[in-house]
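Here is the structure we will look at.
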Amino acid sequence: MNATLSCLCCGGEIKGARANKPRKWCTRKCRQRYQNGYPKSRNCLECGGEFKILTQRADANKKYCGERCSKRANSRLVKKWVGDHPDAMKRYNRTRIEKYPGEWLEKARAERLEKIRLLGGSCCVCGVTNPNWLHVDYAPTCRGTGTRHPRHLAYVKRHLGDFRLLCANHHYELTITGRIEGTDITQQKGHVE
């Protein structure tokens, strides 16, 4: 006769347990963990809640009950450190720029080329492909709202349908007149209050 029992270590179901000779653990690993004193209970250093340490290897140094408490505590410690060392970030940024003077320029250039590649690589009106002449245009305009849409690569990737490529001439024409002559591309003019 089979009985359903749960493991004393992990709480999982023990398969093939017999009523006349009951097993206490689901696997040999669970038996060893249990005999070494696992699962152990600890209190989270951030929220004070109790959590269980299941294994010695993976959880031996665990201080927080979860990722949320860990991030909160780390954020607090970083803010404290920055407050205690106000010149450290200035010194770090200065030496970083000295070591890699064109790093941010190269990064911005690579991201711009990636945006152009994602949007087809040519002006949607005239087909110009020179990347120096292309502008990334946000179709649902923000004119008159007082805000700007995010321009970073991750935002463009998530909202590809909201962006289009225009050459400098057509982008200028759209911005000034609100439409591109000979096409159905229009832009609502923002209202000035």
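Quick note: the coordinates plus some simple rules give every number you see, no bench work behind them. Here the structure is a predicted model, which is why all the values come from computation and not from measurement. Counting neighbours? That spans all protein chains shown, and the Cβs are built from the backbone with ideal geometry, glycine included.
Ranking of 78, 125 by neighbouring Cβ atoms within 10 Å, starting from the fewest: 78, 125. Helix 168-177 and the long axis of the chain differ in direction by around 80°, with both axes built from C-alpha atoms.
Here the average projected area of the convex hull drawn through the C-alpha atoms of region 53-100 stands at 5.3 nm². Among 159, 171, 135, the order by Cβ neighbours within 10 angstrom, fewest to most, reads 159, 135, 171. Applying 0.36 nm per residue to the separation of residue 179 and residue 47 and subtracting their alpha-carbon distance, the gain on full extension is 41.9 nm.
Return the label of the correct value of Kirkwood radius over Cα pairs in Å, as calculated from the structure shown, out of (1) 18.8; (2) 17.1; (3) 23.6. Recomputing Kirkwood radius over Cα pairs in Å here picks out (3). Model label sites at residue 136 and residue 96, defined 7 Å from Cα along the beta-carbon direction, differ in position by 2.1 nm. The gain in end-to-end length when the residue 117 to residue 168 segment is fully stretched comes to 16.7 nm, 0.36 nm per residue minus the alpha carbon separation. Run the reach check for residue 99 against lysines, Cα to Cα strictly under 24 Å, same-chain hits fewer than 8 apart removed. What comes back? Cross-link targets: 90, 107.
Excluding same-chain neighbours fewer than eight residues apart, the lysines reachable from residue 15 by a Cα-Cα span under 26 Å are 24, 29, 40, 52.
I want the local charge near residue 180. Using Cβ-Cβ distances under 13 Å, sum +1 for each Lys or Arg and -1 for each Asp or Glu among the other residues. It works out to a net charge of -2.
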